[in-house]
Amino acid sequence: MTTQPTDLTQDDKLWALLSYLLNPIVPIIVLLMEDKKSRPFIKNNAVQALGFFVVWFVISLITVVGGACFVPLAYIYQIYLAIKAYQGEFVTIPVLTDFMKKQGWLS
């Protein structure tokens, strides 16, 4: 969770923040908008937010008890990721970010 890009705009940071907070709607919108998905920071955060949502959704479906425990923790973690993204940092989600990079979804 370290590197900060140099050419970030407030718009980039806002879209990254919204990708985590309004998941999965905003990440899908971002990936459909040509001007937004061409910005590496916005695309990176949108793809990770969408991936996080899919993992969260699958875990919630598989286990009722695990899902009930996981949901509040997932919300808190999403808020943390949103704050870090708004500060202009490329966030790293353990395991998920590495998986997405190996698949070629992230650069």
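The values are calculated or read from the model by the stated rules, or taken from the named source; none is laboratory data. Quantities reported herein were computed from a predicted structural model and do not represent experimental measurements. Methodologically, a virtual Cβ is constructed for each residue, glycine included, from the backbone with ideal geometry; neighbour enumeration extends over all protein chains shown.
Taking the numbered list (1) touching a Phe, Trp or Tyr at 6+ places or on another chain (Cβ under 9 Å); (2) assigned to a helix (DSSP H, G or I) in turn, V91 passes all entries but (2). Restricting attention to region 6-39 and to residues that are under 10 Å from the mean Cα position of the chain (by Cα) and among the hydroxyl-bearing types (S, T, Y), the residue that is surrounded by the most Cβ atoms within 10 Å (Cβ to Cβ) turns out to be S19. What is the one condition in (1) surrounded by 14 or more Cβ atoms within 10 Å (Cβ to Cβ); (2) closer than 22 Å to D98 by Cα that V54 does not satisfy? All conditions are met except number (1).
Among the residues of region 91-107, count how many are under 19 Å from L17 (Cα atoms) and either touching a Cys at 6+ places or on another chain (Cβ under 7 Å) or at pLDDT below 90 (or both).
First, the residues of region 91-107 that are under 19 Å from L17 (Cα atoms): 91-94, 96-97, 106.
Filter again for either touching a Cys at 6+ places or on another chain (Cβ under 7 Å) or at pLDDT below 90 (or both), leaving 106.
Residues meeting the conditions: 1.
Of all residues in region 41-52, none that is over 15 Å from E89 (Cβ atoms) and of a type in the set (S, T, Y) has its Cβ atom under 9 Å from the Cβ atom of a residue that is surrounded by 24 or more Cβ atoms within 10 Å (Cβ to Cβ) and modelled with pLDDT under 95, 6 or more apart or on another chain. Restricting attention to region 78-107, the residues that are loosely packed, with under 13 Cβ neighbours inside 10 Å, polar (S, T, N, Q) and under 14 Å from A49 (Cα atoms) add up to 0. Listed by position, the helices (runs of 4 or more DSSP H) enclosed by region 12-70 that each have at least 3 residues that are under 22 Å from I83 (Cβ atoms) and of a type in the set (F, W, Y) are 40-62.
Yes/no matrix, rows are residues, columns are (1) under 19 Å from L106 (Cα atoms); (2) of a type in the set (V, I, T):
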{"site": "W15", "(1), (2)": "yes, no"}
{"site": "Y20", "(1), (2)": "yes, no"}
{"site": "M33", "(1), (2)": "yes, no"}
{"site": "F57", "(1), (2)": "no, no"}
{"site": "F70", "(1), (2)": "no, no"}
{"site": "Y77", "(1), (2)": "no, no"}
{"site": "G88", "(1), (2)": "yes, no"}
{"site": "V91", "(1), (2)": "yes, yes"}
